[in-house]
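The values are calculated or read from the model by the stated rules, or taken from the named source; none is laboratory data. What you see is a predicted model, and the numbers here were worked out from it, not measured in a lab. Cβ: placed from backbone, ideal geometry, glycine included. Neighbour counts: every protein chain shown.
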Amino acid sequence: MSSSSPILTVLNQPTLTVESVQSRIDGLWQALEAVTDPRKARGLRYRLPLLLSLAVLAVAAGAKTFLEIAENSADLPTRLLAELGYPGVWRKLTASLTGLPLVTPTTSGLAQARRRIGVAPLRWLFDLLRGPAATVGQRGTWWRGLLVCAIDGTILTVPDNPRMLARFTKHPGNHGGTGYPQIRLVALLACGTRTLIDAVFGPTTTGETTYTPHLLRSLRPGMILLADRNFGAKDLITEIADTGADVLVRLKNGRKMPVLARYPDGSYLSMLGRLLVRVVECEITISTTAGRHTGVYRLATTLTDHHHYPAAELITLYHHRWGAT
């Protein structure tokens, strides 16, 4: 690399501040983007700037040969391994097995092996790793001795192939629909650590509340579940309460709730189907990059003791749902 190289020009900036480091990273990528790719276009798998950036990082870490550059690249975070595909992941997994007689499978061989083993190992891995990963001192993890959890759903895209299209559909749109089939994922999360406790997914033609009962197996006494008004159906809330977990759920403002008793903190005792609940009505202001929005919220909870669980604290607690979902 010559002394007039634009890459060296970027790397040799003298002052190290947060701004200069970010500028150096941006400048390095721009310099790599400007390098002419001498390879033939046919059969290219990885963009040249990505390969060059891996080489620059490896050399900066002390690599002096192409083999050392490859070994260094195998130790990169998984977000980069995702771009490198199966071979990069294989090198990562076998990097510490030096001296053992290892094979070097091809990309297609690894892909075929992955298809042969099916989903069972990934399901086993999920069951092994899922859970709140909660620590005593972590902010937002616990509230008055209860593990704070939230439930919510989202839409994800999946590969566009005949096997996926046999079960999942593309959404209609103004220009012929989405490019990929989509699935609905509903997850139970720990608010403090944002870790998955349980999850279920399926076609988008089925709603969130239909998937939710499959997550009840992971609820237990000592939890409080935060949920939005889509999950406010009386039968569903009763099923959740039957697990022993407590609930703090938003209800639709137009819903008629009987007032059985009023408490000094402004909350009142009511019934949600056959379930005894306490209702808290309040105004909550949400601030985003688009501005501030204030709305009237009606919250229902199975925590009926207004002395031990004050209404003001329940309102503050409900904010944790946005922190997890």
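In segment 90-102, how many residues are part of a loop (DSSP other than H, G, I, E, B), surrounded by 10 or more Cβ atoms within 10 Å (Cβ to Cβ) and within 32 Å of the chain's Cα centre (by Cα)? Explain how you work it out, then say what you get.
To start, the set of residues in segment 90-102 that are part of a loop (DSSP other than H, G, I, E, B) comprises 95-102.
Going one step further and asking which of them are surrounded by 10 or more Cβ atoms within 10 Å (Cβ to Cβ), we end up with 95, 102.
Next, from what is left, pick out any that are within 32 Å of the chain's Cα centre (by Cα): 95.
The qualifying residues number 1.
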Self-check item: Residue in segment 155-171 that is acidic (Asp, Glu) and in a loop (DSSP other than H, G, I, E, B) present
Solution: yes
Quiz item: Any chance segment 279-289 includes a residue that's modelled with pLDDT of 95 or more, among the hydroxyl-bearing types (Ser, Thr, Tyr) and in the same structural domain as Trp143 (by TED's automatic domain parsing)?
Solution: no
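Taking segment 224-266 as the region of interest, how many residues are in contact with an Asp or Glu (Cβ under 8 Å, 6 or more places away or on another chain) and either surrounded by fewer than 16 Cβ atoms within 10 Å (Cβ to Cβ) or not aliphatic (A, V, I, L, M) (or both)? First the steps, then the outcome.
Restricting attention to segment 224-266, the residues satisfying the condition of being in contact with an Asp or Glu (Cβ under 8 Å, 6 or more places away or on another chain) are 224-225, 227-228, 230-231, 249-250, 266.
The next check asks that each one be either surrounded by fewer than 16 Cβ atoms within 10 Å (Cβ to Cβ) or not aliphatic (A, V, I, L, M) (or both); those that pass are 228, 230-231, 250, 266.
Matching residues across segment 224-266 total 5.
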Exercise. All but one of (1) at pLDDT 95 or above; (2) within 25 Å of the chain's Cα centre (by Cα); (3) farther than 30 Å from Leu128 by Cβ hold for Thr212, so report the exception by its number.
Key: (3)
Self-check item: segment 241-294, residues that are of a type in the set (Ser, Thr, Tyr) and either more than 28 Å from the chain's Cα centre (by Cα) or assigned to a strand (DSSP E or B) (or both)
Solution: Tyr263, Ser267, Tyr268, Ser270, Thr285, Ser287, Thr288, Thr294
Quiz item: In segment 79-89, is there at least one residue being touching a Gly at 6+ places or on another chain (Cβ under 6 Å), closer than 21 Å to Leu48 by Cβ and either at pLDDT 75 or above or part of a helix (DSSP H, G or I) (or both)?
Solution: yes
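Are any of the residues in segment 296-319 of a type in the set (Lys, Arg), more than 25 Å from Phe126 (Cβ to Cβ) and in contact with a helix residue (DSSP H, G or I) (Cβ under 8 Å, 6 or more places away or on another chain)?
The first filter runs over segment 296-319 and keeps only residues of a type in the set (Lys, Arg), leaving 298.
Next, only the ones that are more than 25 Å from Phe126 (Cβ to Cβ) stay: 298.
Retained after the next criterion (residues that are in contact with a helix residue (DSSP H, G or I) (Cβ under 8 Å, 6 or more places away or on another chain)): none.
No, segment 296-319 contains no residue that is of a type in the set (Lys, Arg), more than 25 Å from Phe126 (Cβ to Cβ) and in contact with a helix residue (DSSP H, G or I) (Cβ under 8 Å, 6 or more places away or on another chain).
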Self-check item: Single residue of segment 200-223 satisfying the filter (touching a Lys or Arg at 6+ places or on another chain (Cβ under 8 Å) and assigned to a strand (DSSP E or B)) that is surrounded by the fewest Cβ atoms within 10 Å (Cβ to Cβ)
Solution: Pro203
